[in-house]
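Structure, as structure tokens:
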Amino acid sequence: MQILNLFSIPLLLGAVAGFPVAEPNKNIGTLATFRASDTPSRVENGVEDFDADARPLAWQQSVLNYHNGWRAHHQVGPLAWNNTLAAAALKWASKCQFQLTPNNIYGENIAAGTYTNPDWYAYMWYNGSSKYDYNKPGFSYATGTFTQVVWKDSTQLGCAYVQNCSGGYPNILLCEYSPPGNIIPDSNFATEVLRPVANPPNPSPPPMMSNGL
């Protein structure tokens with residue numbers, strides 16, 4: 001089975017070639033996905049805040065809950081939290097570089113912007129569903145973040161959220177998925193990315209701003 005490789009596509013803040021960009025709202029910076037992406041953590045001003053008992057922090061649990069709400073709406077099973085994935089996400093996100101992890105063995109979604117609620121960035125990944133054509137299943141740069149979120153065979157999730165990076169997009173959410181999604185050929189998408197159903201309904205969009213993590 002061939003795995004989609006996106007490393008040849010340049011990633012730049014504010015000018016990401018080939019990856020979905022949220023428009024027209026300028027506050028969202030950029031979104032990207034890689035087929036692929038033990039300790040949950042948040043970084044602020046370069047200081048790591050580790051959770052010693054190896055459970056997701058409150059904001060991580062919220063991101064996980066949104067993922068699982070969207071997945072249920074698309075008839076696939078929930079993701080389980082994985083601290084090894086969260087540590088991998090933190091290691092790369094803490095560099096404050098908007099680009100995908102090189103030589104990554106996981107599935108990966110990344111988003112950067114000025115909004116302060118991590119859930120909103122995850123929602124922007126899922127929002128690519130509005131452009132997905134179930135009659136022509138397959139990978140596209142406009143829907144790759146969405147298809148990774150709901151990829152049926154992905155079972156594990158770990159995320160890191162970094163604030164106060166320099167530049168115009170100070171906040172970065174990065175999530176790793178295992179097994180990775182967005183696996184080509186496109187015929188895989190017909191069985192891995194399922195149509196939404198009425199019940200359970202799609203979760204309501206989260207707020208753009210957070211009152212604190």
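Of all residues in region 155-166, count the ones that are open to solvent by 50 Å² or more (accessible area, probe 1.4 Å) and part of a strand (DSSP E or B). Spell out the reasoning first.
Step one: of region 155-166, the residues open to solvent by 50 Å² or more (accessible area, probe 1.4 Å) are 155-156, 164, 166.
With part of a strand (DSSP E or B) added as a condition, the list becomes 156.
Residues meeting the conditions: 1.
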Task: Residue list for region 187-199, filter: surrounded by 13 or more Cβ atoms within 10 Å (Cβ to Cβ) and of a type outside the set (A, V, I, L, M) - done: 188, 189, 192, 196
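Pull up region 96-129, narrow it to residues that are within 12 Å of the chain's Cα centre (by Cα) and in a loop (DSSP other than H, G, I, E, B), then point me to the one that is nearest to residue 172 (Cα to Cα). Write out each step before concluding.
Just the residues of region 96-129 that are within 12 Å of the chain's Cα centre (by Cα), to begin with: 100, 106-112, 118-128.
Subset that is in a loop (DSSP other than H, G, I, E, B): 100, 106.
Working: 100: 12, 106: 18 Å.
Going through the qualifying residues, I end up with 100.
Is there a residue in region 134-154 that is part of a loop (DSSP other than H, G, I, E, B) and acidic (Asp, Glu)? Explain how you work it out, then say what you get.
Step one: filter region 134-154 for residues part of a loop (DSSP other than H, G, I, E, B), giving 134-143, 150-154.
Those still in the list that are acidic (Asp, Glu) too: 153.
Checked region 134-154: at least one residue is part of a loop (DSSP other than H, G, I, E, B) and acidic (Asp, Glu).
The values are calculated or read from the model by the stated rules, or taken from the named source; none is laboratory data. In this text, all values refer to a predicted model and were calculated from it rather than measured experimentally. Counting neighbours? That spans all protein chains shown, and the Cβs are built from the backbone with ideal geometry, glycine included. These area figures cover heavy atoms from the full protein model, side chains too; ligands, DNA and RNA do not enter into them. Shrake-Rupley method; radii C 1.70, N 1.55, O 1.52, S 1.80 Å.
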